[in-house]
Amino acid sequence: MLENYFPVLVFVIVGLAFGCVPLLLGRLLGPHRPDREKTSAYECGFEAFEEARMQFDIRYYLIAIIFILFDLEIAFLFPWAAIFKEITESPAVRTFGFVEMFVFIGILVVGYAYAWAKGALDWE
Amino acid sequence: MEFKTVLFYLFAAVLVASALRVVTARNPVHAVLFLVLAFFNASGIWMLLDAEFLAIALVMVYVGAVMVLFMFVVMMLDINIESVRRGFWNYLPLGLLVGTILVVEMAAVLGQRYFSLDALPNTAAEAGYSNTKELGRLLYTDYAYPFELASVILLVAIIAAVVLTHRERKDTKAQKIGEQLATRRDDRLRIVSMASVKEAPSVEKAVTEEGNK
């Protein structure tokens, strides 16, 4: 089974090399003479007067957490889709598997409707 | 050494190193990025164990979503790292002691039963074996009830997130289209009847005003 993932490994290695090699080459081949002005943060010619990190609005967090929850829902859907044909040989199991997943999605749709009705999805 | 073994040690070494950097990095943003690296390597190890669904779900859910959330949390909190780090060396012995006790306890309870070489089945996957399908077969038949409970837990999480972080803003300038369409003329416009005759301005007054200018 793992042979199928060999291209992925090659891809990861090439990706890492693509990112790292130019930086390493620059570091190794180029002259390296830092001074105070060179290493200071460059901000359009101004003196940097505060940290670049600033506080985010909590609304981003809300969007991100709703995204995670539905992402998890998709993660649950995937093995179900992969197995659906096989476990549904008999009619009873077929109905069970189908209803089961729709109950699952239905419960989450309640959450979706709640978030929507509350206006959590509006950006304002 | 076999190629798989080489890969395992490579993944494990990078995993341990990046996990160490997560707790030692000075900048919390760097710590989050090292955690991403640690997840990638853990996913690689799972892949070596033939747990392909878990490996891909780890990348998709943790790297793709949870770490973004971590990043938002790091960005939202205004932490002064220096003040958090103060007293690190004072607390270190106590922390190490507590950590060691926890590890020893967990090893004593779980170690022999679940992680000894006898307890682990020798899972040589035969051709056509699909981890995803095995997972699905168990999850959607034997474990149907826990599976439905998982959706309830997700629902609780959605509602908790909305309740905790969502608030109506009073100062927004968003349009409320329904309200705008439902408006009737009388809500916006008031017709006032006024007397049609006005007091005519006298010439004298107008002249003095000109003079003042």
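Computed values, structure above
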item: Residues within the stretch B:127-166 that are outside any helix (DSSP H, G or I) and surrounded by fewer than 10 Cβ atoms within 10 Å (Cβ to Cβ), tallied; result: 2
item: Helices (runs of 4 or more DSSP H) contained in the stretch A:6-124 and holding at least 1 residues at the interface with chain B (Cβ under 8 Å from one of its Cβ atoms); result: A:6-29, A:58-87, A:91-117
item: Any helices (runs of 4 or more DSSP H) falling wholly within the stretch B:1-85 and containing at least 3 residues that are touching an Asp or Glu at 6+ places or on another chain (Cβ under 7 Å) and either on the phi > 0 side of the Ramachandran plot or among the polar types (S, T, N, Q) (or both); result: none
item: Positions within the stretch B:13-30 being under 16 Å from residue B:77 (Cβ atoms) and surrounded by 16 or more Cβ atoms within 10 Å (Cβ to Cβ), in sequence order; result: B:25, B:28
item: Matching residues in the stretch A:76-91 - criterion: being within 19 Å of the chain's Cα centre (by Cα) and buried (at least 16 other Cβ atoms within 10 Å of the Cβ); result: A:76, A:78
item: Which listed residue is modelled with pLDDT of 85 or more, of a type in the set (Gly, Ala, Ser) and not assigned by TED's automatic domain parsing to the domain that holds residue B:66, from B:157, B:195, B:174; result: B:157
item: Residue pairs meeting the criteria (Cβ under 8 Å; at least 6 apart or on separate chains; first not assigned by TED's automatic domain parsing to the domain that holds residue B:71, in the stretch B:10-37; second exposed (fewer than 15 other Cβ atoms within 10 Å of the Cβ) and assigned to a helix (DSSP H, G or I)); result: none
item: Where a residue in the stretch A:20-46 is of a type outside the set (Lys, Arg) and its partner, wherever it lies, is modelled with pLDDT under 85, with Cβ under 9 Å and at least six apart; result: A:40/A:47; A:40/A:48; A:41/A:48; A:41/A:52; A:42/A:48; A:43/A:49; A:43/A:52
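The values are calculated or read from the model by the stated rules, or taken from the named source; none is laboratory data. In this text, all values refer to a predicted model and were calculated from it rather than measured experimentally. Note that we place each Cβ from the backbone using ideal geometry, even for glycine, and neighbour counts take in every protein chain shown.
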